[in-house]
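Computed from the coordinates by the stated procedures, all read-outs in this text should not be read as laboratory data. Because the structure is a prediction, the values reported are computed rather than measured. Positions of Cβ are generated from backbone atoms using ideal geometry, with glycine treated the same way; all protein chains shown enter the neighbour counts.
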Amino acid sequence: MASSWRSPAERTCSACDFTETRSIRGSSGAGARRRRRIRYSSESRSNSIRSSPGSGRGSIPGPSTCRRTKDFHCWPPSCNGRWRMQPVGIRLDQPTTPDGRAHWLVAPRLRTIADEGERHASWLELFFDLVFVVAVTELSHYLVVDHSGGGFIRFAALFVPVFVAWQGYMAYASRFDTDDLAFRLAYFLAMLAIAAMAVLIDDVARGAHTAAFALAYVVLRSIMLALYARAWRAVPEARALIRFYGGGYSLGVSLWLVSLAFDTPWRYVVWILAQLIELSLPPLSTRLHRRIPVSASHLPERWALFTLIVLGESVVAVGIATSGTSWGFSSAAAAVLGFASVAAVWWLYFDRQAGVVLRGSTMSIVVYSYAHIPLLLGLAAMSAGMRLVIARAGADHLGSGASVALVGGVLVYLLGLAGTRTVVVQGPHRLGLSLKLGAGVVLLALIAAEGVLPPVSVAAVLAVVLAALVYADRRLLSRIG
């Protein structure tokens, strides 16, 4: 929502009584005085009019004494007196009633490129993201306990509902966010449902409490359907898109309910079918999205924030593993090398992330979003591998499962990162793809050699490979950008 200054602000010199008046609105009175004064000040600068200190009451200093750095800063008084400024507040524009009170309920409105341009994440969206920390932590903890082949499959399968849940709410907020009472309460209820799913992840992976997990997901998706029903009534131009997503989500909810009639492992099969249906909705609706495109900068920002949350789990993993291990040179070295790898992974994703702009096609948004599935899976697996390598720092070998979690997690992350870079037109250049693929070959060799390398050596080679990739990627970016 756009921010604006409140009532006119005045800065008055205590020595010469020169007053600058600022106003945000209106074409007469204070607003007109502000425009005339700013225009006069600009002319003074362009004509290099200089006034020495103390040259007269209310005189405006020239460029030699002006320290103005921003549009809303006024020029210092030429008499070197102090400014007295009235307190100025900042408010968010909200729909109001005739008596000036904000509405509790605001009908959803369509947010597109045409009416708002660049948009940033709201405070509610950031708060909503925090609950997914619990889910990612539980997934990572499960992989620490069970890093067998079956453990990796269950880890990936349980990550998908978390991913789909976050993606669905992110997409809705990108188009219909009103931040009113109904919208906030819906998101708070969704956070409770996600938290319930998160605490059940470990049990579900072992075949327990699967019905409770399914019901939590049904509640989560039912809230989403209620939000879309509200948008259906308020935004007629988006009804075709809402109908498509509402039908797909309804079918998915029905399958989750039907799964309650089956025992495991057939219940998992129904879950997979429901997830495939929901994952197919964005690529099958590109024509509908094309009619009402969303902000091209908002989506990369939201994915970056979610990536940062998952990456934060790796930092937590290093701290937890270090505190739970007997302190020694090997464990300390493994912790330092692990943190260096996390920092390099952060660098590869977020360096120049602010400049990322997606290609114009709707399919580019789909590719960019779905490339984050392996990217985020790799980060979550890497955090589990960090805990394992620190805990086993003094052992002769790290073990195949732990090596796949750590090194394989980074490899999958790089593949996902390469996928995101194929659909950008600004930011990190596509030529960096070859660097990431080359690093992936080295990481495959490192996984194969884990049987002859101690854990600290595996962590050291991984950190060196990532540091070299950061250096090469940075050099490439500096040459082309």
In nm, spacing of pseudo-spin labels at SER148 and ARG291 (7 Å Cα→C-beta vector): 5.2 nm
Take the alpha carbon atoms of the range 167-186, find their center, do the same for the range 201-253, and report the distance between the two centers in whole angstrom. 14 Å
Alpha carbons only, please: Rg and Dmax for the range 123-293, in angstrom. 16.3, 51
Quick check: pseudo-label points 7 Å beyond the Cα along Cα→Cβ at ASP263 and LEU225, how many nm apart are they? 2.9 nm
Does anything in the range 161-184 have its amide N under 17 Å from the 7 Å Cα→Cβ label point of ALA107, and if so which residues? 176-183
Summing +1 for each Lys or Arg and -1 for each Asp or Glu, what net charge is found among the other residues whose Cβ lies under 10 Å from the Cβ of PRO454? -1
Rounded to whole Å, sorted largest first: equivalent-ellipsoid semi-axes of the range 262-390, Cα gyration tensor: 35, 23, 8
In whole Å, what are the extents of the range 295-481 along the principal axes defined by its C-alpha atoms, from largest to smallest? 52, 27, 25
Which loop-located GluC sites (Glu not before Pro) does the range 113-211 contain, where loop means any DSSP state but H, G, I, E or B and the Cβ has at most 12 other Cβ atoms within 10 Å? GLU118
I need the Debye-formula profile for the range 122-212: one equal scatterer per C-alpha, no solvent, reported as log10 I(q)/I(0) at q = 0.15, 0.18, 0.19 1/Å, two decimals. -0.60, -0.79, -0.86
Put a dot 7 Å past each Cα toward the Cβ at PHE329 and SER254; how far apart are the dots in nm? 6.6 nm
